[in-house]
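Peer 1: Below is one structure. I have some questions about it.
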Amino acid sequence: MTEVLQHIPEVFTAKDLVTDQEVRWCPGCGDYSILKQVQTVMPNLGYKKEEIVFVSGIGCSSRFPYYMDTFGMHSIHGRATAIATGLKTSRPELNVWIVTGDGDALSIGGNHFIHLLRRNLDVNLLLFNNQIYGLTKGQYSPTSVEGQVTKSTPFGSLDHPFNPLALAMGADASFVARSMDRDPKHLQQMIERTAKFKGTSLLEIYQNCNVFNDGAFFTYTDKETKAGEALFVENGKPLIYGEGNNKGIRLNNTTPEIVDLTTGEFSTTDLWVHDEKDYLKSTLLTRFFDSPDLENHFPRPFGVLYAKERPCYEDAVHAQIAYAKEGKEADLDSIIRGRQTWVVK
Amino acid sequence: MTIETKRLNDVVIRFAGDSGDGIQLIGTEFTNATALLQNDLGTFPDFPAEIRAPAGTLAGVSGYQIHFGSHEIHTPGDDCDTLVVMNAAGLKKNVEFLKKGGIIIANEDGFDNKNLRLANIDENDNPLKNGSLDGFSVFTAPITKLTREGIKDFGLGTKETDRSRNMFVLGLISWLYNRPLESSIDFINKKFSKDRTIAEANIKALHIGYSFGETAEMFAERYEILAAPMKPGHYRGITGNQAASLGLVAASQKAGLQLFYGTYPITPASDILHELARHKNFGVITFQAEDEIAAISSTIGASYGGSLGVTASSGPGIDLKSEAMGLAIMLELPLVVINVQRAGPSTGMPTKTEQSDLLLAYFGRHGEAPMPIVAANSPADCFDTIYEACKIAVEFMTPIFFLSDAYLANGAEPWRFPEAKDLDSITPQYAKVDGTATQKYQPYLRDNRLVRQWALPGIKGLENRIGGLEKEDITGNISYDSKNHEKMVRIRAQKVENIAQSLPDLSFDAGAESGKLLILGWGSTYGTIKTACQELKKEGIEVSHAHLRWLNPFPKNLAKILSSFDKVLIPENNTGQLQLLIKGKYMVDAVGLNKIQGQPFTVSEISNKVKELLA
Ligand code: SF4
């Protein structure tokens, strides 16, 4: 059953990925955009439709597999990562996607999340971060900002939130990226990068929950504030942002600094050039996580923050099996017999 | 002095000492030699809970009991004939298991002031000297000193030297019970293949132990136990966990499936992981997950992909897997869940045996979530039972519980092993693409047994979505329709019930098909109940014994069997879990015999209860 399926690109279109199931997200939810961008990019990735599997946990985002006409499993809360681990380990030739949310991946499924990243299976992990529990109707999540007023925190949340990408770097992730529902073009690019990277590729998507946490990321998506708050990074390019690209980030030894490019004191050649294979610098970049309310805060980076391949778990598993097979014939009778036997006549 | 050789029908020997003394090794090697002499046998290792409790203390005592004979043996024996102890703590903890007039062989070096103190015995109250053992035949020897003296030429350090003490003991006992040393020598050579000096020293210690018996003029007699008349065939010795592991490999091979074993280390199930990890040349994937939940979840993922998915744990680990079992029930995927039961709630007594998870297996999931349940009845039977569990899981597209326990997992017995070609076939229920179909693949379409098909990712035309939400019959679409929900609940239950149609009737292990008293057992009580019936028969008391391998569904003829007896006795190592099910389902006023001490029943406990009920 495990014969390798050939990666012969087969023509299917975004429309072929639409199922007959009515999409049940709230009107205006950011999930719609994400679904659309995934369906748009998917036919260009070189996989056959039947090789693609979407595995999700529980939460609004986890309804996703029902709307993709591929193989799919809507599983239980927090465990999509673990289920996908078993699937990919046993069937390495499949193209496996995990769709999860901030509660699913980082709260109830936090343990599996870090272990998936450390093992580095070649799967794609789409983390819809809306900083709230949507499906259970509006409790704070592990990414909700401190002080956030929600149904379960009428006086404001006391929890310190996770910085998901920094957490991922701490778990030795090999691919870490961030995008947003309201920038379809960027999101498509990021989905494509995520899909094409070999290893566990984590794409955090800022997703607006217009019912319970409307506008959580508008600072980064609205015209007025986007340029000054969102830093779009590209490999080999200097870190520039701001209205008319008026600001940059430079590294003063190991300390990042925001510099003004309009005074003539600094030019783009002084800036930190993004190297997505540099673990230490990428780690610094994921630490740009200040609240936009803070004076002199760093902008929030979007794009591929880190991407460096390392061996994948499932490949190692099958290499070890192949090695064992070479050394020893699989003779069932011989292991049933064991070391010492005797005959009764 | 001439030494008489006396012929015995059966013997129970118990080895005890510090867990650092290599007691389990003496036990298993003595067992191997005994198996090769074609005695029937049963063993029971009694591990301490701590890996390395302070040496010499009561908490650190490790034990191993073997019962062997020239006739059928079904238990490791109740009390022992011979107790071999390496130190004072070993004696103190085990002397209660020694028969009146039994033999004690003691390492007197393990009874010095320090060892007495560690065993909480007053220095002036050395049991070897204070007359407290007067009813027994006591043989003592300075085993530590003799070993040191005997192998001093090898130039090993004290620690290494003293480790060979167990081989001295093995040699001595092998002499006493007329066991050849060859298999032990083979074993030593293999174990220390990298260090010849240590191998030679151990072999020497084995020999000096053997000659000590001959020359020390301590023993007036030695013993021989003839081969047992056993069913013709090829035999080996095997523990329950080994048998379960081999059963899994065999099932995966016969079914043509990759075996995926997702687990998390836990006593007493881990040995299955250790065994399977050695068989990667069969394409076996062993996945040591980050926790119990990931262990079962990854396994469900592998089952979804078309592997034979197996997860294993014990007590607390099974609790953690409950939610995912519910998912597997909804997905209707093959999945084998192994529970090597251990004693007590929470952490309880991890190394001790109990049958206390039957109701957990039945009811331990929310909603209406039935799972088939099978239980093995002896160490070797773990092979057949888990093989059957795999077959049913794959052919009925269902998760299934396989129950074993610490007693079966670690106990050993001779196994008349099968040939691979004679094993039952296992047929996966694959979905096939119908080229003429006009509609999409329907994942919850069923055959007449109510079994759905296995639609593997990668096959064009079978794309479908499944999940934990209630689904519409046939299409598998999400459905909150109230009537549909009731229908699906009943379908899932009926599918499990339907398994009974493909199972053989329950048969009797002893006695007539009707009468005054039926002993109904399940799981590891088998050997003890069987022996009790045999002994009662010798006394002229005839009782019937039937033993359940299938606990859900129950065999079709169980109702009829139950109604054919005046009384039904159900012995269990729990407070009466099968008893509750039988009472509830069949309205039979079954009587329980319950022991919850982390120890299996003794034969006399069963037979005394029978006599009481028949009085
Ligand atoms: S609750 Fe929020 S996240 Fe959920 S579907 Fe509605 S808008 Fe989207």
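Peer 1: Mind telling me which of the residues A:116, A:121, A:127 ends up being more than 8 Å from chain B (Cβ to nearest Cβ), in a loop (DSSP other than H, G, I, E, B) and open to solvent by less than 10 Å² (accessible area, probe 1.4 Å)? Reasoning before the result, please.
Peer 2: Working: A:116 fails: in a loop (DSSP other than H, G, I, E, B); A:127 fails: in a loop (DSSP other than H, G, I, E, B).
One residue alone meets the criteria, A:121.
Peer 1: Let me ask another. If residue A:238 satisfies every condition in (1) over 19 Å from the mean Cα position of the chain (by Cα); (2) more than 30 Å from residue A:40 (Cα to Cα); (3) more than 16 Å from the ligand (Cβ to nearest atom) but one, which is the exception?
Peer 2: The single condition residue A:238 does not satisfy is (2).
Peer 1: Among the residues of segment A:87-96, is there at least one that is within 19 Å of residue A:195 (Cα to Cα), part of a loop (DSSP other than H, G, I, E, B) and in contact with a Lys or Arg (Cβ under 9 Å, 6 or more places away or on another chain)? Steps first, please.
Peer 2: Initially, segment A:87-96 is screened for residues within 19 Å of residue A:195 (Cα to Cα), giving A:87-89, A:91-96.
The next check asks that each one be part of a loop (DSSP other than H, G, I, E, B); those that pass are A:91-94.
With the extra rule that they be in contact with a Lys or Arg (Cβ under 9 Å, 6 or more places away or on another chain), the set shrinks to A:94.
There is at least one residue in segment A:87-96 that is within 19 Å of residue A:195 (Cα to Cα), part of a loop (DSSP other than H, G, I, E, B) and in contact with a Lys or Arg (Cβ under 9 Å, 6 or more places away or on another chain).
Peer 1: OK, next. Consider residue B:326 carefully, then state whether it is of a type in the set (Gly, Ala, Ser), in contact (Cβ under 8 Å) with a residue 12 or more places away in the chain, open to solvent by less than 10 Å² (accessible area, probe 1.4 Å) and on the phi < 0 side of the Ramachandran plot. Quick ask: steps written out before the conclusion?
Peer 2: Working: of a type in the set (Gly, Ala, Ser): yes; in contact (Cβ under 8 Å) with a residue 12 or more places away in the chain: yes; open to solvent by less than 10 Å² (accessible area, probe 1.4 Å): no; on the phi < 0 side of the Ramachandran plot: yes.
For residue B:326, the condition - of a type in the set (Gly, Ala, Ser), in contact (Cβ under 8 Å) with a residue 12 or more places away in the chain, open to solvent by less than 10 Å² (accessible area, probe 1.4 Å) and on the phi < 0 side of the Ramachandran plot - is not met.
Peer 1: Scan segment B:449-466 and give yes if some residue there is surrounded by fewer than 12 Cβ atoms within 10 Å (Cβ to Cβ) and more than 9 Å from chain A (Cβ to nearest Cβ), otherwise no.
Peer 2: no
Peer 1: Any residue in segment A:134-156 that's assigned by TED's automatic domain parsing to the domain that holds residue A:100: show its pairings with residues that are assigned to a strand (DSSP E or B) and away from the ligand (no atom under 15 Å from the Cβ) at Cβ separation under 6 Å, as long as the two are six or more apart or on different chains.
Peer 2: Hits for this filter: A:140/A:153.
Peer 1: Between B:444, B:430, which is open to solvent by 20 Å² or more (accessible area, probe 1.4 Å), outside the structural domain of residue B:527 (by TED's automatic domain parsing) and within 30 Å of residue A:83 (Cα to Cα)? Outline the logic, then answer.
Peer 2: On the way: B:444 fails: open to solvent by 20 Å² or more (accessible area, probe 1.4 Å).
The unique qualifying residue is B:430.
Peer 1: Right, another one. Tell me the helices (runs of 4 or more DSSP H) entirely within segment A:187-303 that contain at least 2 residues that are open to solvent by 50 Å² or more (accessible area, probe 1.4 Å). Spell out how you get there, then give the answer.
Peer 2: Values: elements: A:218-221, A:223-229, A:279-286.
The qualifying helices (runs of 4 or more DSSP H) are A:223-229, A:279-286.
Peer 1: Mind checking which residues of segment B:538-591 are over 19 Å from residue B:400 (Cβ atoms) and either in the same structural domain as residue B:348 (by TED's automatic domain parsing) or among the polar types (S, T, N, Q) (or both)?
Peer 2: B:544, B:557, B:563, B:564, B:573, B:574, B:575, B:579
Peer 1: Also, quick follow-up: Please verify whether segment B:64-71 includes one or more residues that are buried (at least 23 other Cβ atoms within 10 Å of the Cβ), more than 24 Å from the chain's Cα centre (by Cα) and not β-branched (Val, Ile, Thr). Write out each step before concluding.
Peer 2: Narrowing segment B:64-71 to residues buried (at least 23 other Cβ atoms within 10 Å of the Cβ): B:64-68.
Filter once more, so that each one left must be more than 24 Å from the chain's Cα centre (by Cα): none.
No - not one qualifying residue is present in segment B:64-71.
Peer 1: Hey, which of the strands (runs of 3 or more DSSP E) in segment B:272-344, taking only ones fully inside, have at least 1 residues that are more than 21 Å from residue B:395 (Cβ to Cβ), within 14 Å of another protein chain (Cβ to nearest Cβ) and of a type in the set (Lys, Arg)? So that I can check it myself, show each step before the final result.
Peer 2: On the way: elements: B:285-288, B:308-313, B:335-341.
Output list is empty.
Peer 1: Name the one entry in B:567, B:530 that is in contact with a strand residue (DSSP E or B) (Cβ under 9 Å, 6 or more places away or on another chain) and either of a type in the set (S, T, N, Q) or over 26 Å from residue B:392 (Cβ atoms) (or both). So that I can check it myself, show each step before the final result.
Peer 2: On the way: B:530 fails: either of a type in the set (S, T, N, Q) or over 26 Å from residue B:392 (Cβ atoms) (or both).
Answer to the selection: B:567.
Peer 1: How many residues does segment A:164-181 hold that are away from the ligand (no atom under 15 Å from the Cβ) and in contact with a Ser or Thr (Cβ under 7 Å, 6 or more places away or on another chain)? If you could, list the steps in order and put the result at the bottom.
Peer 2: Start the filter on segment A:164-181 by keeping residues that are away from the ligand (no atom under 15 Å from the Cβ), which leaves A:164-179.
Applying the additional criterion that residues be in contact with a Ser or Thr (Cβ under 7 Å, 6 or more places away or on another chain) yields A:164-166, A:169, A:173-177.
Number of matching residues: 9.
Peer 1: Go through the residues of segment B:227-241 one by one and say whether even a single one is under 19 Å from residue B:390 (Cα atoms) and either of a type in the set (A, V, I, L, M, F, W, C) or part of a helix (DSSP H, G or I) (or both). Explain how you work it out, then say what you get.
Peer 2: Let us first name the residues in segment B:227-241 that are under 19 Å from residue B:390 (Cα atoms), namely B:240-241.
Going one step further and asking which of them are either of a type in the set (A, V, I, L, M, F, W, C) or part of a helix (DSSP H, G or I) (or both), we end up with B:240-241.
Scanning segment B:227-241 turns up at least one residue that is under 19 Å from residue B:390 (Cα atoms) and either of a type in the set (A, V, I, L, M, F, W, C) or part of a helix (DSSP H, G or I) (or both).
Peer 1: Say we look at segment A:133-142 and pick out the residues that are crowded, with 24+ Cβ neighbours inside 10 Å and within 13 Å of the ligand (Cβ to nearest atom); which of these is nearest to residue A:162 (Cα to Cα)?
Peer 2: Selected residue: A:141.
Peer 1: Additional query: Of the residues that sit in segment A:304-326 and are over 30 Å from residue A:278 (Cβ atoms) and more than 7 Å from chain B (Cβ to nearest Cβ), which one is surrounded by the most Cβ atoms within 10 Å (Cβ to Cβ)?
Peer 2: The first filter runs over segment A:304-326 and keeps only residues over 30 Å from residue A:278 (Cβ atoms), leaving A:318, A:320-326.
Those left that are additionally more than 7 Å from chain B (Cβ to nearest Cβ): A:318, A:322-323, A:326.
On the way: A:318: 17, A:322: 13, A:323: 12, A:326: 9.
Result: A:318.
Peer 1: Okay, next question. Out of segment B:258-271, which residues are buried (at least 24 other Cβ atoms within 10 Å of the Cβ) and either in a helix (DSSP H, G or I) or facing chain A (nearest Cβ under 10 Å) (or both)?
Peer 2: Quick first cut of segment B:258-271, residues buried (at least 24 other Cβ atoms within 10 Å of the Cβ) only: B:259-263, B:268-269.
Within segment B:258-271, B:259, B:260, B:262 meet the criteria.
Peer 1: Looking at (1) open to solvent by 50 Å² or more (accessible area, probe 1.4 Å); (2) farther than 30 Å from residue B:183 by Cβ, can you tell me which one residue A:345 breaks?
Peer 2: Going through (1) open to solvent by 50 Å² or more (accessible area, probe 1.4 Å); (2) farther than 30 Å from residue B:183 by Cβ one by one, residue A:345 breaks only (2).
Peer 1: Give segment B:513-536 a look and list any residue that's farther than 28 Å from residue B:341 by Cα and open to solvent by 50 Å² or more (accessible area, probe 1.4 Å), or say none. Quick ask: steps written out before the conclusion?
Peer 2: Of segment B:513-536, the ones farther than 28 Å from residue B:341 by Cα are B:513-517, B:535-536.
The answer is B:513, B:514, B:516, B:535.
Peer 1: In segment A:330-342, which residues are facing another protein chain (nearest Cβ under 7 Å) and open to solvent by 20 Å² or more (accessible area, probe 1.4 Å)? It would help to see each step written out before you state the result.
Peer 2: Step one: filter segment A:330-342 for residues facing another protein chain (nearest Cβ under 7 Å), giving A:330, A:332-333, A:335-338, A:340-342.
Within segment A:330-342, A:330, A:333, A:335, A:337, A:338, A:340, A:341 qualify.
Peer 1: Specify which of the listed residues (B:342, B:365) is open to solvent by 10 Å² or more (accessible area, probe 1.4 Å) and under 29 Å from residue A:53 (Cα atoms).
Peer 2: Details: B:342 fails: under 29 Å from residue A:53 (Cα atoms).
Within the list B:342, B:365, the selection yields B:365.
Peer 1: Looking for whichever is among the aromatic types (Phe, Trp, Tyr), facing chain B (nearest Cβ under 8 Å) and over 18 Å from the mean Cα position of the chain (by Cα) here; the options are A:47, A:66. Which one fits? Lay out the reasoning, then the answer.
Peer 2: Working: A:47 fails: facing chain B (nearest Cβ under 8 Å).
The unique qualifying residue is A:66.
Peer 1: Closer than 19 Å to residue A:200 by Cβ and within 16 Å of the ligand (Cβ to nearest atom): which single residue out of A:101, A:78, A:59 fits that description?
Peer 2: From the options A:101, A:78, A:59, the qualifying one is A:101.
The values are calculated or read from the model by the stated rules, or taken from the named source; none is laboratory data. Everything numeric here is computed off the predicted structure, so don't read it as measured data. Positions of Cβ are backbone-derived with ideal geometry, glycine not excepted, and every protein chain shown enters the neighbour counts. Heads up: the accessible areas ignore ligands, DNA and RNA and are worked out on the full protein's heavy atoms, side chains in. Shrake-Rupley method; radii C 1.70, N 1.55, O 1.52, S 1.80 Å.
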